[in-house]
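The values are calculated or read from the model by the stated rules, or taken from the named source; none is laboratory data. These numbers come from a predicted model, not from an experiment. Reconstructed Cβ throughout: ideal geometry from the backbone, glycine too, with neighbour counts over all protein chains shown.
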Amino acid sequence: MKKTSSGHSFGVTQASYAGLRKKRTRGARGYGSGMGSWYWIGVSAGLGAAVGILIAAAVGAAVRTVLVVAGVAAVLAGLAVGFGIDEWQPGGWVDVVLGAGGALLGLLVAVQIVGGALRRGGTRGGTGALVAGSAFVVAALAWIPGVGYLMVLALPVLAVRIRSAQPERYAGLRTLARDE
């Protein structure tokens, strides 16, 4: 310890370590535990949706068996995301459930988008790259407070709108080509 001319000493003492320990164990202020749990649940849901979209970009519009396997993979990846966030920050089992649910919803919506793009002449590589890029945008948006919840709520609405916007198949000019 170095003494100054005023008699005060500078340096780290055992008493200052005890003071630091007390400060760290006190409850969080401001952006703390009250907001933290719902924030991290939303992040888990948004990152789960991003994982589902990324898996859909890799799978594309495949046959139903592959889509079922991709759905299981998306749910498992969403569970892993939720479990990782739950271990890291407060939130509980809701992190895990919304991570898996977001992944499944993200996969279902993105598969419809990919299928529609491929039916209209898009290439597998280009469509996969664009959808994968959108997955990274969704992952970045998940870190904004509340946006993860909005994404998980908006995905089913988007799926219904995409499904209803698909045109029905009409015979069109094929009926004129038949010889009757």
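Does LEU158 satisfy the condition of being modelled with pLDDT of 85 or more and either among the small types (Gly, Ala, Ser) or in contact with a helix residue (DSSP H, G or I) (Cβ under 9 Å, 6 or more places away or on another chain) (or both)? No. Restricting attention to region 68-99, the residues being within 14 Å of the chain's Cα centre (by Cα) and surrounded by fewer than 15 Cβ atoms within 10 Å (Cβ to Cβ) number 1.
Among the residues of region 111-128, those identified as surrounded by 12 or more Cβ atoms within 10 Å (Cβ to Cβ) and assigned to a helix (DSSP H, G or I) are VAL111, GLN112, ILE113, VAL114, GLY115, GLY116, ALA117, LEU118, ARG124, THR127, GLY128.
When region 98-130 is filtered for residues that are of a type in the set (Ser, Thr, Tyr) and free of Cβ contacts under 8 Å to residues at least 40 places away in the same chain, only THR123 remains.
Among the residues of region 131-147, those that are under 24 Å from GLY60 (Cα atoms), touching a residue at least 60 places away in the same chain (Cβ under 8 Å) and not hydroxyl-bearing (Ser, Thr, Tyr) comprise VAL131, ALA132, ALA135, PHE136, VAL138, ALA139, LEU141, ALA142.
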